[in-house]
1. Taking Val63, is it among the β-branched types (Val, Ile, Thr), assigned by the TED database to the domain that holds Ala120 and at pLDDT 95 or above?
2. Are there any pairs, at least 6 apart or on different chains, whose C-beta atoms fall under 8 Å, with the first in the stretch 122-136 and more than 15 Å from Asn151 (Cα to Cα) and the second surrounded by 12 or more Cβ atoms within 10 Å (Cβ to Cβ), and if so, which?
3. Looking only at the stretch 107-131, filter to residues that are surrounded by 10 or more Cβ atoms within 10 Å (Cβ to Cβ) and part of a loop (DSSP other than H, G, I, E, B); which one of those is modelled with the highest pLDDT?
4. For the stretch 133-161, enumerate the residues that are charged (D, E, K, R) and either touching a strand residue (DSSP E or B) at 6+ places or on another chain (Cβ under 6 Å) or exposed (fewer than 10 other Cβ atoms within 10 Å of the Cβ) (or both).
5. Residue under question is Val76, and the condition is that it be of a type in the set (A, V, I, L, M, F, W, C), in contact (Cβ under 8 Å) with a residue 12 or more places away in the chain and either surrounded by fewer than 16 Cβ atoms within 10 Å (Cβ to Cβ) or closer than 30 Å to Leu171 by Cβ (or both); does it hold?
6. How about the stretch 35-61: which of its residues are open to solvent by 60 Å² or more (accessible area, probe 1.4 Å) and either assigned to a helix (DSSP H, G or I) or out of contact with any Phe, Trp or Tyr (no Cβ under 6 Å at 6 or more places or on another chain) (or both)?
7. What number of residues in the stretch 75-112 are more than 20 Å from Arg19 (Cβ to Cβ), aliphatic (A, V, I, L, M) and touching a helix residue (DSSP H, G or I) at 6+ places or on another chain (Cβ under 6 Å)?
Amino acid sequence: MAEKSTLRFPIDKLKAGQRVLDAHPELRAYPAFVEHGAGENDCWLRFTIFYADKGSEYRDLPVDHKKRECMRRAGVPATDKRRAAVEKWEDKDVAAMINQYVRLQSSLSYALWFHGLESAWQTIEGLSAPIERGSLDETKIQTAQKTRKDNLDAMFEQVPKLESLGNTLFLNDEELKEVQQRDVLNQTGSVEKRAVGQSFVPKRK
């Protein structure tokens, strides 16, 4: 998790009772924020910023925990009926604000990392969900199993790329250099182990 927030719109510094759109009127240029983040929905706009800002201190938390922490920080009431839908990515209004806010970062790499991470977490968590066999015939069960295997293979392919992209986006030069050096050492070690395992050494009689 980032040590502290360096938000594009520093809502963590707003005065008590101050609304996001009043403090940052430039956001009114975007219909998604005006339609879905004004008035009583101010807390959901705050949630959006804490959740989707590249400089958020909650950036690196696991998705579910990140959502809960950002709701808490944004002041979303514990009794708000929309919380469950937001956690499941089913609230279209909040999704519209998040998508717009990600675009405001003006970075395709960040957008790819942000949405890629969301998708990867959802896919990986789905891998542990049991296949409901009761109402499925054998063909559908086999299809579900194949889909799960395909998703697993895709994650083995995509997750290292997402982690590498995240390192490039967020680590400083010194930290990035250390990660790259570790990767080189790990790759070298793996190659050496494979070479030893594949080498033919004749046994002495």
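The values are calculated or read from the model by the stated rules, or taken from the named source; none is laboratory data. Bear in mind the structure is a predicted one, so any value in this text is a computation, not a measurement. Every residue, glycine among them, receives a Cβ derived from its backbone with ideal geometry; neighbour counts consider all protein chains shown. Ligands, DNA and RNA are stripped out before the accessible areas are found, and what is left, the full protein with its side chains, is counted by its heavy atoms. Shrake-Rupley method; radii C 1.70, N 1.55, O 1.52, S 1.80 Å.
1. no
2. Arg133/Ile141; Leu136/Ala144
3. Step by step, filter the stretch 107-131, then rank; the result is Ser107.
4. Once the filter is applied, which keeps residues that are charged (D, E, K, R) and either touching a strand residue (DSSP E or B) at 6+ places or on another chain (Cβ under 6 Å) or exposed (fewer than 10 other Cβ atoms within 10 Å of the Cβ) (or both), the stretch 133-161 yields Asp137, Glu138, Glu157.
5. Criteria not met by Val76.
6. Of the stretch 35-61, the ones open to solvent by 60 Å² or more (accessible area, probe 1.4 Å) are 35, 40, 54, 60.
Scanning the stretch 35-61 gives Glu35, Glu40, Asp60.
7. The total comes to 2.
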